[in-house]
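**Q** Please see the structure below; I have some questions.
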Amino acid sequence: MNSRTTPSAARIDIQGVRTAVDAHLADYLDAKEHAAAHHDLPTELAESLRGFVMGGGKRLRPVLCACGWYAGGGTRDTTVMVKVAASLEMFHAFALIHDDIMDRSATRHGRPTVHRVFTRRLDTHRSPATAERLGAGAAILVGDLALVWSDELLHTAGVPTERFTRLLPLVHAMRTEVIHGQYLDLAATADVSGDIAAPLKAIRYKTAKYTVERPLHIGATLAGADPRVLQPLSAYALRLGEAFQLRDDLLGVFGDPHRTGKSRLDDLREGKHTVLLALALQRAEAAQRETLRLLIGNPALDEDDAARIRTILTATGARTEVERMIRARCAQARRVLLHTAFPTHAVQALRRIVDATVARTS
């Protein structure tokens, strides 16, 4: 391994990063709620967003921002980095809240989604259809607030001007890429076909670049790294990001809802066009293919129907093949780390994230 050691840290404290980001977000959202009350504005928007943001999540983007920071030569003084990482998590809240509306998801992190919370809040003396429409509208506004406040968090983080000039195009690219990726995912919904290229392209932009590559780039740039550092970070990130989303797609169908915090019927009911489904359709016999096309995308799909789909996904070898793809991409990400000049503690943290991606169950 060509990584170099530094006196700054023997091991990156990943949990410490999560704790520091959570503390900054909690303080910020508390202040927003108090400001709304002071100006006689509705406090339930900030209150709902606080409950959503602080109610769970892996904080993967902040952790990867920290890994990029250390890979780029960042020091122990992580104050500014933590604030920028918090802005990434706030932006992610915006993306998730809107994603849940589009997917009509009932739960996130084992709790009701924001639009479901507001539907219940607004259902007094209203028809169910009206309450649902208003709940979705309120959740869109909460997501919009998260977007606006992510920008405020970024611009008040105290990033030195020269580094902020380099940082901002990466943030803009990240935001643009994830929205394009989300659209690709949305446009392919209910496309019950064996086309693997389309879901892989959506994965590239919705997850690999947004979740892994750009947070690493942002952290490294924040540390003042040479731009050439971004290339090996990308090589690592795109492979890991694909593996992460492939695992997510498996968990969306085969996972334990008590561990994932989400129903394992949502993706099937929505007809999400995943690599898993495409592989099954490629390999299925005629009767199996007909069953998949009949059931996938049915909003009334129940657990018995889902069990029939899972049987086909397993029998065709699609599930096994996706597991193989995950392992292969994680192996590629590990090989990238063997040939970098990143500090040892950064390499170790990035390797631990790969290991967690292979084994994760939530």
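**Q** Quick one: would you say A278 is within 20 Å of A349 (Cα to Cα), in contact (Cβ under 8 Å) with a residue 60 or more places away in the chain and of a type in the set (A, V, I, L, M, F, W, C)?
**A** It is false that A278 is within 20 Å of A349 (Cα to Cα), in contact (Cβ under 8 Å) with a residue 60 or more places away in the chain and of a type in the set (A, V, I, L, M, F, W, C).
**Q** Also: Taking region 168-202 as the region of interest, how many residues are farther than 16 Å from H92 by Cβ and among the aliphatic types (A, V, I, L, M)?
**A** 12
**Q** Given A93, A37, which one is of a type in the set (A, V, I, L, M) and under 15 Å from the mean Cα position of the chain (by Cα)?
**A** Selected residue: A93, the only one of A93, A37 that is of a type in the set (A, V, I, L, M) and under 15 Å from the mean Cα position of the chain (by Cα).
**Q** Of all residues in region 78-87 being under 16 Å from A225 (Cβ atoms) and over 19 Å from the mean Cα position of the chain (by Cα), which is surrounded by the fewest Cβ atoms within 10 Å (Cβ to Cβ)?
**A** Checked region 78-87; the qualifying residue surrounded by the fewest Cβ atoms within 10 Å (Cβ to Cβ) is V80.
**Q** For region 24-57, how many residues are among the charged types (D, E, K, R), buried (at least 16 other Cβ atoms within 10 Å of the Cβ) and in a loop (DSSP other than H, G, I, E, B)?
**A** Going through region 24-57 one residue at a time, the tally reaches 0.
**Q** Hey, another quick one. Taking R175, is it farther than 26 Å from G56 by Cα, surrounded by 14 or more Cβ atoms within 10 Å (Cβ to Cβ), of a type outside the set (G, A, S) and modelled with pLDDT of 95 or more?
**A** Judged against the criteria, R175 is not a match.
**Q** Another question, if that's okay. Output the number of residues of region 96-123 satisfying the condition of being more than 14 Å from the chain's Cα centre (by Cα) and touching a residue at least 60 places away in the same chain (Cβ under 8 Å).
**A** So the answer is 12.
**Q** Within region 282-304, count every residue that is closer than 20 Å to D103 by Cβ, of a type outside the set (A, V, I, L, M) and buried (at least 18 other Cβ atoms within 10 Å of the Cβ). Outline the logic, then answer.
**A** First pass over region 282-304, keeping only residues closer than 20 Å to D103 by Cβ: 292, 295-303.
Narrowing the set further to residues that are of a type outside the set (A, V, I, L, M) leaves 297-299, 302-303.
Among the residues that remain, those that are also buried (at least 18 other Cβ atoms within 10 Å of the Cβ) are: 297.
Residues flagged as closer than 20 Å to D103 by Cβ, of a type outside the set (A, V, I, L, M) and buried (at least 18 other Cβ atoms within 10 Å of the Cβ) within region 282-304 amount to 1.
**Q** Filter region 349-362 for residues that are surrounded by fewer than 19 Cβ atoms within 10 Å (Cβ to Cβ) and closer than 19 Å to A220 by Cβ and give the result.
**A** If the condition is that a residue be surrounded by fewer than 19 Cβ atoms within 10 Å (Cβ to Cβ) and closer than 19 Å to A220 by Cβ, then R351, R352 are the ones that fit.
**Q** Could you check A129 against (1) more than 25 Å from E33 (Cβ to Cβ); (2) touching a helix residue (DSSP H, G or I) at 6+ places or on another chain (Cβ under 9 Å) and say which number it fails?
**A** In the conditions (1) more than 25 Å from E33 (Cβ to Cβ); (2) touching a helix residue (DSSP H, G or I) at 6+ places or on another chain (Cβ under 9 Å), A129 misses (2) alone.
**Q** When both residues are 6+ apart or on different chains and their Cβ atoms are under 8 Å apart, which pairs have a first residue that lies in region 130-147 and is in contact (Cβ under 8 Å) with a residue 24 or more places away in the chain and aliphatic (A, V, I, L, M), and a second that is surrounded by 18 or more Cβ atoms within 10 Å (Cβ to Cβ) and not in a helix (DSSP H, G or I)?
**A** Cβ pairs passing all conditions: A139/T113.
**Q** Moving on to the next point. Which ranges mark the helices (runs of 4 or more DSSP H) fully within region 100-215 that have 2 or more residues being in the same structural domain as V322 (by TED's automatic domain parsing)?
**A** Ranges flagged: 161-187, 197-203.
The values are calculated or read from the model by the stated rules, or taken from the named source; none is laboratory data. Source: prediction; values computed, not measured. Please note: Cβ atoms are built from the backbone with ideal geometry, for glycine as well, and neighbour counts cover all protein chains shown.
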